[in-house]
Amino acid sequence: YRVTGFKIVSPYTLHITFDDGSSQTIHFEPILYGNVYGPLRNLALFNQVRLDAEVHTLVWPNDADFDPETLRNWPDYQEAWYKAAQRWARVTV
């Protein structure tokens, strides 16, 4: 899958479109923990998301990104991401 577009629809929430015509609306705040995703809790940084034309996914200035397949099939991955984020939240850096 390739991400073809996105729109910020509310804080930490993106509506994402894919090359197969499907879309997902994902609220990212519950998973924004850890070294890679934790900095995105800063809403100003989160809102700097962009579509990378080379890898066809969403990327942030701190190099955080997500596999397009994960985004496309978010309902299949959501629970695992939430569990991982809970572990990351407990880790002190």
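State yes or no: is A89 surrounded by 12 or more Cβ atoms within 10 Å (Cβ to Cβ), at pLDDT below 95 and either of a type outside the set (V, I, T) or in contact with a strand residue (DSSP E or B) (Cβ under 9 Å, 6 or more places away or on another chain) (or both)? The answer is yes for A89. For segment 35-49, the count of residues that are modelled with pLDDT of 95 or more, surrounded by fewer than 13 Cβ atoms within 10 Å (Cβ to Cβ) and more than 30 Å from R90 (Cα to Cα) is zero. For residues that are touching a residue at least 40 places away in the same chain (Cβ under 8 Å), hydrophobic (A, V, I, L, M, F, W, C) and farther than 20 Å from N42 by Cβ, scanning just segment 59-83, find the one that is surrounded by the fewest Cβ atoms within 10 Å (Cβ to Cβ). Ranking the candidates gives W74 first. All but one of (1) surrounded by 14 or more Cβ atoms within 10 Å (Cβ to Cβ); (2) within 20 Å of E79 (Cβ to Cβ) hold for T25; which doesn't? Tallying (1) surrounded by 14 or more Cβ atoms within 10 Å (Cβ to Cβ); (2) within 20 Å of E79 (Cβ to Cβ), T25 fails exactly one: (1).
The values are calculated or read from the model by the stated rules, or taken from the named source; none is laboratory data. Nothing here was measured: the structure is a model prediction, and the numbers come from that model. Please note: Cβ atoms are built from the backbone with ideal geometry, for glycine as well, and neighbour counts cover all protein chains shown.
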